[in-house]
Amino acid sequence: MKRIKNGFNNLKDKVKKGIKSVKNDHLIEKYFKENILFIVFIITGVINASLLRSFCMPTLDSIFSIQAILADTAVVITIGSFGYLLKPKHRFAYYITFNIILTAICTINSVYYTYYTSFASLSMLSLTQYVGEVGDAVTENVIQLKDLIFIISPIIMFVLNRKLKKQNYYKRIEVRSERKKKCFATLITGICFAAIFALTLTPTDVSRLVKQWNKEYIVKCFGIYVYQGNDVISTIQPTINSMFGYDEAHKNFTEYFEKREETKTNEYTNVFAGKNVLVIHAESMQSNAIGMKFNGQEVTPTLNKLVKEGMYFSNYYSQVSVGTSSDAELTFNTSLMPTKSGTAFVSYSDRKYISTPSLLKEKGYYTFSMHANNADFWNRRAMHNSLGYDRFYSKADYEITDDNIIGLGLSDKEFFAQSIKKLEKIDKKYDNWYGLMIMLSNHTPFSDTDKYGEFPVDIKETVTNEQGQQEEVIHPYLEGTKLGNYYKSYHYADEALGELIDGLDEAGLLEDTVLVIYGDHDARISRKEYNYQNNYDKETDDILDKNDENYIEYDSYQYELGRKVPFIIWTKDMKGTKLNQEVKNVMGMYDAMPTLGNMFGFYNQYALGHDIFNIKENNIVVFPNGNWVTNKVYYNSQKGEYLSLVNEAISEEEIKNNNTYATELLDVSNDIIVFDLLKPKEEVNLDKE
Ligand code: GP9
Ligand code: MN
């Protein structure tokens, strides 16, 4: 007992002494002075990472996420510790190199997030050429002043270095430095931070890091530096995986499809057998503008007419990931989901795909695609071949002059006019054909407003003035806003669609043709813009105050659910038939192939979606980030929250089952593409030998 007491007193004395010496010898001050370069390196690295979170996920729990701050600190201290192994005069080179790398990570992610609402991935490096091509979209919308703030960090480092050199700092500390000891002590500090961080992790956090599709969650929990390091690993992983994990993936794939129900016929089976198909990939068209009017003028008169006369799927969702347009094409034509990392079009164009064009080709159809953009954009040149198109008419096949360009390239009206001529030739030559026309004009940033034609998005009112006379008052409303410009652009694209239909009709091409239109993805317009639209105050020409009783917030769920895109099947003579209907069951891009397949008489046994007329109200639409939606509930996997869409509670079990469904589906879809599982096994083995 006495010994314990003595020991305790000893320890107490030592601590007291220690504190005294820290005080008297000014140890903290000394440490700061001697390690100022390292300290600034740490502080700027952590601040930049927090700033990035504040730009991308501006909520308090993200900005001040203790987990992220711990992880970022652990990473920068660990990196910084090795700087001590160098002689003081070489340390600046070391710290500035890593400072620039860390700054670049933050800047790139900040810019990238503005455009894709996602964090950057190394696997997207091969896509930088596309970012270059959407040039004006990037500069106008993406690179913002805030992105330059990160550069302050290396500037501080350079200024500090100059000052330290002048003070002869590097020489001074050289005398006292004990390099290995300092490196070790600092490394231990870094490891301590990492250990404290590790204690905060749950198994779900770790599993999300491995899966990598919930990027916001990963950055919020693990910080940007761990995210990026993990991304590098997961980018090289597919190559490594496809070398080693084939048998396991093949087994899961076989089991997955064995479990699936046999397909059934229904009242729509073969209704379009033998008909030609013209698919229109409608750039950035969302369903929200359908039926909308400004001053009595419809935004989408053509779509409104098609919706009324044809088969309209009004609860249809795009399932794109970072591959945007290309992902929409992939999912629409193969009923597979976008890959978890990279894009199928760019990274996996050499895989075997079972696609709508390839199955129709087997039925004797001539298959083609038309898009007046560079053939290599999204690697279409290679991928359209893999998808089974006989011919890809691209930029080189169109006459493009300075006065027929809108936004990214040839205007949609001109594109359709020139495409009809090509189609006439095709129609003469082939009995049956399947064609895809990819529109382009209605692409963000919707800034070519002077070329869209007159379509005011203001509010015009007739009021009685003080003299008792009637006069017209104009409130600017959406004029000059991005959303307003989107409606103008949309109106133009809709008009182009109208001209296409008229042109096809005049050329006699509608007689035997089924027109299929899908919006490829949402228009990437922020929630703020919709809030402005919904809460506009005519009196002040501004948005209502949030506390105003009439203010109705357009919440994040409404926003997600509002990203629906139109899917329409239309023929000239459909009106009034059983096909002329609105299908309200929830549906995803991956349900298009099975639904159309049933109507045209082709079948893909490896489709991940369903024929909507078989699955009906039981359908589940899975999104690449793990979110999903049914007729009853929208589930946000990032937040682990759901919104009931019906007036009833949703059971835990239902959420759990649908989560399992979503995870398995995303896994098998990714494996199909990464491991080339649709290629007969014998061929794969032969290749390997
Ligand atoms: C590019 C066009 C637009 O050719 O399809 O692609 P997006 O930017 O929407 O992915
Ligand atoms: Mn697109």
**OP:** Return the total of residues in region 497-527 being more than 16 Å from ligand 2 (Cβ to nearest atom) and under 30 Å from Asp555 (Cβ atoms).
**Re:** 2
Original post:
Got at least one residue in region 421-429 being open to solvent by less than 10 Å² (accessible area, probe 1.4 Å) and part of a strand (DSSP E or B)?
Top reply: no
**OP:** Would you mind stating whether Ala49 is in contact with an Asp or Glu (Cβ under 7 Å, 6 or more places away or on another chain), buried (at least 23 other Cβ atoms within 10 Å of the Cβ), on the phi < 0 side of the Ramachandran plot and part of a helix (DSSP H, G or I)?
**Re:** yes
Subject >> Within region 430-452, considering residues that are touching a residue at least 12 places away in the same chain (Cβ under 8 Å) and outside any loop (DSSP other than H, G, I, E, B), the one nearest to Ser526 (Cα to Cα) >> reply: Thr449
**OP:** Residue by residue through region 556-569, note down the ones that are more than 16 Å from ligand 2 (Cβ to nearest atom), touching a helix residue (DSSP H, G or I) at 6+ places or on another chain (Cβ under 6 Å) and open to solvent by 30 Å² or more (accessible area, probe 1.4 Å).
**Re:** Tyr559
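Out of region 295-340, which residues are more than 16 Å from ligand 2 (Cβ to nearest atom), over 16 Å from the mean Cα position of the chain (by Cα) and open to solvent by less than 10 Å² (accessible area, probe 1.4 Å)? First the steps, then the outcome.
Taking region 295-340 as the starting set, the residues that turn out to be more than 16 Å from ligand 2 (Cβ to nearest atom) are 295-315, 334-337, 339-340.
Those still in the list that are over 16 Å from the mean Cα position of the chain (by Cα) too: 295-315, 334-336.
Across region 295-340, the qualifying residues are Val299, Thr300, Leu303, Leu306, Gly310, Met311, Phe313, Thr334, Ser335, Leu336.
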Subject >> Residues of region 363-394 that turn out to be away from ligand 1 (no atom under 14 Å from the Cβ), within 22 Å of Ala417 (Cβ to Cβ) and basic (Lys, Arg), as a count >> reply: 1
**OP:** Taking Glu499 as meeting all but one of (1) more than 21 Å from Lys395 (Cα to Cα); (2) assigned to a helix (DSSP H, G or I), write down the number of the exception.
**Re:** (1)
Subject >> When residues of region 399-414 are limited to those that are open to solvent by less than 20 Å² (accessible area, probe 1.4 Å) and closer than 29 Å to Gly342 by Cβ, the one modelled with the lowest pLDDT >> reply: Gly409
Original post:
Taking region 234-272 as the search range and keeping residues that are touching a helix residue (DSSP H, G or I) at 6+ places or on another chain (Cβ under 6 Å) and under 28 Å from Asp427 (Cα atoms), which one is nearest to ligand 2 (Cβ to nearest atom)?
Top reply: Phe272
**OP:** Starting from region 324-335, take each residue that is at positive phi and list its partners that are part of a loop (DSSP other than H, G, I, E, B) and within 12 Å of ligand 2 (Cβ to nearest atom), counting only C-beta distances under 6 angstrom and pairs at least six apart or across chains.
**Re:** Thr324/His521
**OP:** Go through Thr339, Thr334, Thr324 for me and flag whichever is within 13 Å of ligand 1 (Cβ to nearest atom), closer than 30 Å to Val210 by Cβ and not aliphatic (A, V, I, L, M).
**Re:** Thr324
Original post:
Looking at (1) among the aliphatic types (A, V, I, L, M); (2) open to solvent by less than 10 Å² (accessible area, probe 1.4 Å); (3) free of Cβ contacts under 8 Å to residues at least 60 places away in the same chain, which is the one condition that is false for Ala382?
Top reply: (2)
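Based on what the data block shows, is Leu504 within 27 Å of Gly388 (Cβ to Cβ), more than 16 Å from ligand 1 (Cβ to nearest atom) and surrounded by 21 or more Cβ atoms within 10 Å (Cβ to Cβ)?
Yes, satisfied.
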**OP:** Output the qualifying pairs, or none if there are none: Cβ atoms under 7 angstrom, residues six or more apart or on different chains, first residue in region 568-582 and at pLDDT 95 or above, second residue of a type outside the set (A, V, I, L, M, F, W, C) and part of a loop (DSSP other than H, G, I, E, B).
**Re:** Ile568/Gly310; Ile569/Gly310; Trp570/Gly310; Met574/Gly310; Met574/Asn580; Asn580/Gly310; Glu582/Ser314
Subject >> Among (1) surrounded by 12 or more Cβ atoms within 10 Å (Cβ to Cβ); (2) touching a residue at least 40 places away in the same chain (Cβ under 8 Å); (3) over 20 Å from the mean Cα position of the chain (by Cα), the one test that Lys180 misses >> reply: (1)
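Among the residues of region 263-285, what is the count of those that are under 30 Å from Ser526 (Cβ atoms), away from ligand 1 (no atom under 13 Å from the Cβ) and among the polar types (S, T, N, Q)?
Within region 263-285, residues that are under 30 Å from Ser526 (Cβ atoms), away from ligand 1 (no atom under 13 Å from the Cβ) and among the polar types (S, T, N, Q) number 0.
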Original post:
Restricting the search to region 571-586, which residues are among the β-branched types (Val, Ile, Thr) and outside any loop (DSSP other than H, G, I, E, B)?
Top reply: Val583
**OP:** Mind telling me which of the residues Glu529, Glu499, Glu479, Glu553 ends up being over 22 Å from the mean Cα position of the chain (by Cα), away from ligand 1 (no atom under 16 Å from the Cβ), touching a residue at least 40 places away in the same chain (Cβ under 8 Å) and open to solvent by 10 Å² or more (accessible area, probe 1.4 Å)?
**Re:** Glu499
Original post:
Looking only at residues in region 507-520 that are among the charged types (D, E, K, R) and more than 17 Å from Phe415 (Cβ to Cβ), which one is most open to solvent (accessible area, probe 1.4 Å)?
Top reply: Glu511
Subject >> Complete set of residues in region 247-260 that are polar (S, T, N, Q) and in contact (Cβ under 8 Å) with a residue 40 or more places away in the chain >> reply: Asn252
Original post:
Which is surrounded by 20 or more Cβ atoms within 10 Å (Cβ to Cβ), of a type in the set (A, V, I, L, M), within 16 Å of ligand 1 (Cβ to nearest atom) and part of a helix (DSSP H, G or I), of Ala493, Ala523?
Top reply: Ala493
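Name every residue in region 532-549 that is assigned to a loop (DSSP other than H, G, I, E, B) and either within 16 Å of ligand 1 (Cβ to nearest atom) or open to solvent by 60 Å² or more (accessible area, probe 1.4 Å) (or both), in order of residue number. Spell out how you get there, then give the answer.
First, the residues of region 532-549 that are assigned to a loop (DSSP other than H, G, I, E, B): 535, 538-541, 544-549.
Answer for region 532-549, where residues must be assigned to a loop (DSSP other than H, G, I, E, B) and either within 16 Å of ligand 1 (Cβ to nearest atom) or open to solvent by 60 Å² or more (accessible area, probe 1.4 Å) (or both): Lys538, Glu539, Thr540, Asp541, Asp545, Lys546, Asn547, Glu549.
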Subject >> Close pairs from region 261-281: first over 21 Å from Thr331 (Cα atoms) and open to solvent by 10 Å² or more (accessible area, probe 1.4 Å), partner aromatic (Phe, Trp, Tyr) and within 16 Å of ligand 2 (Cβ to nearest atom), Cβ under 8 Å, at least 6 apart >> reply: none
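Looking only at region 587-644, count how many residues are part of a helix (DSSP H, G or I), among the acidic types (Asp, Glu) and open to solvent by 10 Å² or more (accessible area, probe 1.4 Å).
1
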**OP:** Answer yes or no as to whether Asn109 is part of a helix (DSSP H, G or I), within 30 Å of Asn373 (Cα to Cα) and at pLDDT 85 or above.
**Re:** yes
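The values are calculated or read from the model by the stated rules, or taken from the named source; none is laboratory data. All of these numbers come straight from a predicted model, not from anything done at the bench. Note that each Cβ is placed from the backbone with ideal geometry, even for glycine, and that neighbours are counted across all protein chains shown. In case anyone asks, the SASA skips ligands and DNA or RNA and just uses the protein heavy atoms, side chains included. Shrake-Rupley method; radii C 1.70, N 1.55, O 1.52, S 1.80 Å.
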